[in-house]
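The values are calculated or read from the model by the stated rules, or taken from the named source; none is laboratory data. Treat the numbers as computed from the prediction; the structure is a model and nothing was measured. Neighbour counts are summed over all protein chains in view; Cβ atoms, including those assigned to glycine, are modelled from backbone coordinates with ideal geometry.
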């Protein structure tokens, strides 16, 4: 049987450390040079951030594939998973002139890994804000007998059937290549949600807008 080697903690540090050092050097250099050099330094820092995000995403994907990230599923209130992510997304949305509405019962109990579930929710909200240039983003939750579904609806330019098919595959970005990002966020979110017994999906039912959702087991007592 063939096994795949995954970077150790030291090797992961070795991958990321040069980029971090490069970004810090760019920040220091900007303070010491004339304004006309700032644009070039901005490019250097921005691309350093993108490379750092890409490497971290690849490492996360590797850990998830290797099942090195274990889901610790517990009873958790929905508000614990959503409140901070919604607040951060609302701030980012308002900075773009967007509205973000949220409707859910924060006391609703689900069975989830706090860290993995919150990270996946944050990813969906970040994407909704990033790819919506006008209009509203709506976050909601609904409960059935044994599941809780979280819905994120936005007013982006929409996705084709092919783009929906590859949306959760790593490094696949469809027509979104003009926006910054690693192309790994949705793939990581899918693995994180599935690792704790949940599901994740997407549709683009109209000329504009996307609907992403996550389902998690409901805690029933």
> How about segment 81-106: which of its residues are in contact with a strand residue (DSSP E or B) (Cβ under 8 Å, 6 or more places away or on another chain) and under 21 Å from residue 216 (Cβ atoms)?
Replying inline: 81, 82, 86, 89, 102, 103, 104, 105, 106
> If you take the residues in segment 90-141 that are in contact with a helix residue (DSSP H, G or I) (Cβ under 8 Å, 6 or more places away or on another chain) and over 20 Å from residue 189 (Cβ atoms), which one is surrounded by the most Cβ atoms within 10 Å (Cβ to Cβ)?
Replying inline: 98
> Among the residues of segment 156-186, which ones are surrounded by 14 or more Cβ atoms within 10 Å (Cβ to Cβ) and at pLDDT below 85?
Replying inline: 167, 168, 170, 172, 173, 174, 176, 181, 182, 183, 184, 185
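Filter segment 121-145 down to the residues that are assigned to a helix (DSSP H, G or I) and touching a residue at least 60 places away in the same chain (Cβ under 8 Å) and list them by number.
121, 123, 124, 127, 128, 131, listed by residue number.
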> Which one is nearest to residue 90 (Cα to Cα), of the residues in segment 146-168 that are in contact with a helix residue (DSSP H, G or I) (Cβ under 6 Å, 6 or more places away or on another chain) and in a loop (DSSP other than H, G, I, E, B)?
Replying inline: 154
